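In what follows, a structure is listed as structure tokens, so that the remarks can point back to it.
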């Protein structure tokens, strides 16, 4: 079907031994692929569904958020660069935060391409931003942290949102799996 946004996803094997950075990098790629696996085979319309009545979460909204996670933590926090975020529509949440407006008309294929680009940008700078794991990184959210904390936090973001994606996908079409 031509309206399918995310085609077949093959999750990579995770390194279960090796250097700490090899294990972290492989786990990041595994979680990235697991998130996409939850989106696999769905159309633009399905990625926009809000199948949980008490929540505004959608798979497409999570994809927008995760591109932001990639750029904010790898480019801004670790590389000290100014990321170029796709101009998605956002709104202020009740707690003063910000979330992606689900009425944003950007086609899901464009959001998917942007997410893949953000992940690739993170992979490209990974080696340069992880040469000193004890390096202190200014962090307005948590206070000053070291590089290890930032990497663990990105995995935490993925773990949380892959769980959300799992529930959303099951509610959309019954597809379930680890």
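Where a number appears in this text, it was derived from the coordinates with a stated rule and is not lab data. Quick caveat, the model's predicted, so the values are computed rather than measured. Reconstructed Cβ throughout: ideal geometry from the backbone, glycine too, with neighbour counts over all protein chains shown.
Pairing the Cα long axis of helix 108-129 with the longest principal axis of the chain, what angle in degrees results, from 0 to 90 and rounded to the nearest 10?
10 degrees
If you line up the long axis of helix 59-70 against the longest principal axis of the chain, both from Cα atoms, how many degrees apart are they, to the nearest 10?
Around 10 degrees separate the two axes.
Could you calculate the contour length gain from residue 117 to residue 156, that is, 0.36 nm times the residue separation minus the distance between their Cα atoms, to one decimal place in nm?
Result for the pair: 12.0 nm of gain on full extension.
Which length gain, in nm to one decimal place, applies between residue 109 and residue 139 when the Cα-Cα distance is subtracted from 0.36 nm times their residue separation?
7.6 nm is the gain from fully extending residue 109 to residue 139.
Once R0 is set to 35 Å, what does the formula 1/(1 + (r/R0)^6) return for the Cβ-Cβ distance between residue 10 and residue 125, expressed as a FRET efficiency to the nearest 0.05?
That gives a FRET efficiency of 0.90.
Just 103, 54, 43 to compare: in a GNM of the chain, with alpha carbon springs under 10 Å, which one fluctuates most?
Top of the fluctuation ranking is 54.
Given the options 132, 44, 95, which has the most mean-square fluctuation in a GNM of the chain, springs set between C-alpha atoms less than 10 angstrom apart?
95
At 0.36 nm per residue, and after removing the present C-alpha to C-alpha distance, how many nm does the segment from residue 84 to residue 55 gain when stretched out fully?
Additional length available on full extension: 7.6 nm.
So how tilted is helix 147-173 from the main axis of the chain? Cα-based, degrees 0 to 90, rounded to 10.
Roughly 10 degrees between the two axes.
Determine, for 4, 136, the number of other Cβ atoms within 10 Å of each Cβ, and report the residues in order from fewest to most.
Starting with the residue having the fewest Cβ neighbours, the order is 136, 4.
Distance from a point 7 Å along Cα→Cβ of residue 2 to each backbone N in the range 46-73: keep the residues under 20 Å and list them by number.
46-47
What residue among 105, 51, 12 shows peak mean-square fluctuation when the chain is described by a Gaussian network model with Cα springs under 10 Å?
Per the Cα network of the chain with a 10 Å cutoff, 105 tops the list.
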